[in-house]
Amino acid sequence: MKLTLGPVLFYWSRPHLLQFYADMIEQPLQTIYLGETVCSKRRALSLDDWLGLARELRQQREVEVVLSGLALVEAASELSALKRLCDNGELMVEANDMGAVQLLAERQQPFVAGPALNLYNAHSLRELQQCGMQRWVPPVECSGRLLQDCLQQLDDLQVPRPEVELFAYGHMPLAYSARCFTARAENRPKDDCQFCCQNFAEGLLMESQEGEPLFTLNGIQTMSAKVCDLLPDYPALQASGVDRLRLSPRAEDMAAVIARYAAVCGGAQPPASSEGCNGYWYGQPGMLYVQQVSS
Amino acid sequence: MKLVCPAGSLPALKAAVSEGADAIYVGFRDDTNARHFNGLNLDDRQLDEALQLIRQRGRQLYIAVNTYAQPQGWERWQRAVDRAADLGVDALIAADPGVLAYASQQHPDLNLHLSVQGSATNAQALAFYQQRYNIRRAVLPRVLSLAQVRQVAQSSSVPLEVFAFGSLCIMAEGRCHLSSYVTGESPNLCGVCSPAKAVRWQQEADGLSSRLGGVLIDRYRRDEPAGYPTLCKGRFVVDGQRYHALEEPTSLNTLDLLPDLQRIGVCAVKIEGRQRSPAYVQQVTRVWRQALDGLLAGRDVGDQAGTWQQTLSRLSEGSQTTLGAYHRSWQ
């Protein structure tokens, strides 16, 4: 099992990002995803900066670096930026919108299908493979059963399986909107957001009126308030055809998280339970934690 | 510009036809469509009757097979596509690339429309579906501003349909897992959002509370109107403040934008609401038919516009309407 570091979903400052990746390159990660997937107004790093960072990371040690594209591509300027990303000429791209799939297919560039693409069956996966998809990150709501069914269906269709990378750890991206919920919380119009999401290194907690943590507001993205953590379910993931685990960056203690995952990948016993959630994997509401009883 | 109206039942379809809808969209009675609600949608006999009426009156019938197919039950989606083709419907509305591929290969003469659930918000995404599946129309998600709709129209040869009136999805359609996060059932996979079976109403000492999957969505005082507990429309707490953190209960209403949409070259406007009553469909279709006729004839509708707006407001969630994302200030 390989460990990958997903793109940073929050808006961190340039020094914060550079320090974070300086730490991350020391970690036992096979792949690092760079780039902005949430909001085109976030420009702490430009495309050239991301490419420069990728070169630095790869000089330090052998690591695969992938550039992730925006999930909700609306304005003409966003589409032009996406074209430049797909034309980068150095790094594989993670497509998070069908527009990116089209651009990459036209360029005959292999790509990763990110979790924001709606791929839920082998027929769809085959369509994307014909466009150049090499690796599939299933939608976060995909259950273990659905994942296994998709892989079985691919086998039945005699289509080779793509590499499977599962979103295993972090706040799950759940929705994308035209509206910026962070700006709304701060009583600012989106056009004058003053980049207020940068004040919240791990988003803004939204609770029910009873104080139950529900969602994390992250600009135009709504995330889970709970942290997905599939480490206790590692044996099930391994048995289901998962090749890679995606760990989604958090503001604190990422190195410790990676160390825990790396230990289990290296043969250590997985923890018996977690304080996070894993409901989606078991076909349950995503916010739940399902305790597996070992047989 | 064509008027596309919803029907979740035969009486609703008849109402839409009699009030002047150019096309009516319906779904089969299973999870292949994004309004898979109890008691909704048409069975075979009703579909036959619907089609007969529609042919007599020279209108069009669209069938939505617009959820994402799963391997277990893939045949259901296949069968739905085949049935739509056999019926000779005027368009199949679909989102799943696998379903679109199947439809375009097996039924090359079947008109394909990309569903709003396909979440195509830019010209390149539209090009993907056009080049691979020969889609003849796309329904745009309700996240684009008017300027963005114009940009997409100018840079794509795919004819565009936009939402004109009805419940407002604040999230990009097809890109929202809020419902499954709380209830386990999502629009993409199950054709439902905030499903009724997960809803609980509770009378409390100081009012009424609504819950979804056990989560408190809102609390209403006795004098407050209570709305259906759709996850994105509840009142929540952020940083100590209680408010509609995502969206107020309100409906999309683009009546004022009709001339702009026509200038942009939008080919059809869509009314949301297959889950709505025949009476609702009747009243909304009547208003929009009159508005479109006035616009297409170049008539000054003057005072009439006020009456139309009043009717639409009355039929809206929380009696409020918004231009939604079409207007930047809303975003």
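The values are calculated or read from the model by the stated rules, or taken from the named source; none is laboratory data. These figures come from a predicted structure and were not determined experimentally. Glycine gets a Cβ as well: all are built from the backbone with ideal geometry, and neighbour counts include every protein chain shown.
For B:Arg142, work out the one condition from (1) charged (D, E, K, R); (2) at the interface with chain A (Cβ under 9 Å from one of its Cβ atoms); (3) farther than 24 Å from B:Asn253 by Cα it doesn't fulfil.
Status for B:Arg142: all satisfied but (3).
Could you tell me which residue of region B:145-182 is nearest to the other protein chains (Cβ to nearest Cβ), considering only residues that are assigned to a loop (DSSP other than H, G, I, E, B) and either surrounded by fewer than 24 Cβ atoms within 10 Å (Cβ to Cβ) or modelled with pLDDT under 95 (or both)?
B:Ile170
If you scan region A:200-211, which residues turn out to be surrounded by 14 or more Cβ atoms within 10 Å (Cβ to Cβ) and assigned to a loop (DSSP other than H, G, I, E, B)?
Pass one, region A:200-211, residues surrounded by 14 or more Cβ atoms within 10 Å (Cβ to Cβ): A:200-209.
Of everything in region A:200-211, those that are surrounded by 14 or more Cβ atoms within 10 Å (Cβ to Cβ) and assigned to a loop (DSSP other than H, G, I, E, B) turn out to be A:Phe200, A:Ala201, A:Glu202, A:Gly203, A:Ser208, A:Gln209.
Checking the condition away from chain A (no Cβ under 11 Å) and touching an Asp or Glu at 6+ places or on another chain (Cβ under 8 Å), which residue from B:Ala80, B:Ala91, B:Ala101, B:Ala125 passes?
The unique qualifying residue is B:Ala80.
Inside region B:199-231, can you point out the residues that are closer than 20 Å to B:Ser316 by Cβ, more than 26 Å from the chain's Cα centre (by Cα) and acidic (Asp, Glu)?
B:Asp223, B:Glu224
Mind telling me which of the residues A:Glu252, A:Glu275 ends up being part of a loop (DSSP other than H, G, I, E, B), in contact with a strand residue (DSSP E or B) (Cβ under 8 Å, 6 or more places away or on another chain) and either on the phi > 0 side of the Ramachandran plot or surrounded by fewer than 15 Cβ atoms within 10 Å (Cβ to Cβ) (or both)? Spell out how you get there, then give the answer.
Numbers: A:Glu252 fails: in contact with a strand residue (DSSP E or B) (Cβ under 8 Å, 6 or more places away or on another chain).
Step by step, each of A:Glu252, A:Glu275 is checked, and only A:Glu275 is part of a loop (DSSP other than H, G, I, E, B), in contact with a strand residue (DSSP E or B) (Cβ under 8 Å, 6 or more places away or on another chain) and either on the phi > 0 side of the Ramachandran plot or surrounded by fewer than 15 Cβ atoms within 10 Å (Cβ to Cβ) (or both).
So is A:Val112 within 18 Å of the chain's Cα centre (by Cα), farther than 22 Å from A:Leu166 by Cβ and at pLDDT 95 or above or not?
Values: within 18 Å of the chain's Cα centre (by Cα): yes; farther than 22 Å from A:Leu166 by Cβ: no; at pLDDT 95 or above: yes.
No.
Go through region B:284-331 and report how many residues are more than 14 Å from chain A (Cβ to nearest Cβ) and part of a helix (DSSP H, G or I).
Taking region B:284-331 and keeping what is more than 14 Å from chain A (Cβ to nearest Cβ), we get B:284-321.
Going one step further and asking which of them are part of a helix (DSSP H, G or I), we end up with B:284-296, B:304-314, B:317-319.
The qualifying residues number 27.
Among the residues of region B:199-237, which ones are over 28 Å from A:Tyr176 (Cα atoms) and in contact (Cβ under 8 Å) with a residue 60 or more places away in the chain?
B:Pro225
Could you pull out the residue among A:Ala251, A:Ala225 that is more than 10 Å from chain B (Cβ to nearest Cβ) and in contact with a His (Cβ under 9 Å, 6 or more places away or on another chain)? Step through it out loud before you land on a result.
Numbers: A:Ala225 fails: more than 10 Å from chain B (Cβ to nearest Cβ).
It is A:Ala251.
Collect the residues in region A:139-166 that are more than 11 Å from every other protein chain (Cβ to nearest Cβ) and buried (at least 24 other Cβ atoms within 10 Å of the Cβ), keeping them in residue-number order.
A:Glu165, A:Leu166
Pairs needed: first member in region B:261-272, farther than 16 Å from B:Ile24 by Cβ; second member anywhere, of a type in the set (Lys, Arg); C-beta distance under 6 Å; at least 6 residues apart or different chains.
B:Ile264/B:Arg150
Given the condition in a loop (DSSP other than H, G, I, E, B), among the acidic types (Asp, Glu) and under 18 Å from the mean Cα position of the chain (by Cα), answer yes or no: does some residue in region B:238-247 qualify?
Looking for residues that are in a loop (DSSP other than H, G, I, E, B), among the acidic types (Asp, Glu) and under 18 Å from the mean Cα position of the chain (by Cα), one finds at least one in region B:238-247, hence yes.
Suppose the filter is of a type in the set (A, V, I, L, M), more than 14 Å from chain B (Cβ to nearest Cβ) and closer than 30 Å to A:Arg188 by Cβ; does A:Met287 pass it? First the steps, then the outcome.
On the way: of a type in the set (A, V, I, L, M): yes; more than 14 Å from chain B (Cβ to nearest Cβ): no; closer than 30 Å to A:Arg188 by Cβ: yes.
No, not satisfied.
Residue-wise test of (1) over 17 Å from the mean Cα position of the chain (by Cα); (2) under 15 Å from A:Ala255 (Cα atoms); (3) modelled with pLDDT of 95 or more.
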residue	(1), (2), (3)
A:Leu5	no, yes, yes
A:Trp12	no, no, yes
A:Leu17	no, yes, yes
A:Pro28	yes, yes, yes
A:Tyr33	no, no, yes
A:Cys39	no, no, yes
A:Ser46	yes, no, yes
A:Ala54	yes, no, yes
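Filter region B:233-255 for residues that are of a type in the set (A, V, I, L, M, F, W, C) and more than 8 Å from chain A (Cβ to nearest Cβ) and give the result.
B:Leu252, B:Leu255
If you check A:Cys197 against the conditions, is it part of a helix (DSSP H, G or I), more than 14 Å from the chain's Cα centre (by Cα), surrounded by 18 or more Cβ atoms within 10 Å (Cβ to Cβ) and more than 10 Å from chain B (Cβ to nearest Cβ)?
The answer is yes for A:Cys197.
Those residues that are assigned to a helix (DSSP H, G or I) and surrounded by 21 or more Cβ atoms within 10 Å (Cβ to Cβ), I need them from region A:104-125; list them, please.
Scanning region A:104-125 gives A:Leu104, A:Ala105, A:Ala122, A:His123, A:Ser124, A:Leu125.
Of all residues in region A:47-100 being more than 24 Å from A:Thr222 (Cα to Cα) and part of a loop (DSSP other than H, G, I, E, B), which is nearest to the other protein chains (Cβ to nearest Cβ)?
A:Asp87
Working only within region A:174-193, note down all residues that are in a helix (DSSP H, G or I) and either at pLDDT 90 or above or more than 9 Å from every other protein chain (Cβ to nearest Cβ) (or both). Reasoning before the result, please.
Of all residues in region A:174-193, those in a helix (DSSP H, G or I) come to A:181-185, A:190-192.
Once the filter is applied, which keeps residues that are in a helix (DSSP H, G or I) and either at pLDDT 90 or above or more than 9 Å from every other protein chain (Cβ to nearest Cβ) (or both), region A:174-193 yields A:Phe181, A:Thr182, A:Ala183, A:Arg184, A:Ala185, A:Asp192.
With the requirement that a residue be in contact with a Leu (Cβ under 8 Å, 6 or more places away or on another chain) and not aliphatic (A, V, I, L, M), what does region A:40-68 give you?
A:Ser40, A:Trp50, A:Ser68
From B:Thr254, B:Thr285, B:Thr321, which residue is surrounded by 14 or more Cβ atoms within 10 Å (Cβ to Cβ), in contact with a Cys (Cβ under 6 Å, 6 or more places away or on another chain) and not assigned by TED's automatic domain parsing to the domain that holds B:Leu212?
None of the others qualify; the one that does is B:Thr285.
Let's see how each residue does on (1) in contact with a Cys (Cβ under 9 Å, 6 or more places away or on another chain); (2) buried (at least 22 other Cβ atoms within 10 Å of the Cβ):
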{"residue": "B:Lys2", "(1), (2)": "yes, no"}
{"residue": "B:Leu13", "(1), (2)": "yes, yes"}
{"residue": "B:Ile24", "(1), (2)": "yes, yes"}
{"residue": "B:Gly58", "(1), (2)": "no, no"}
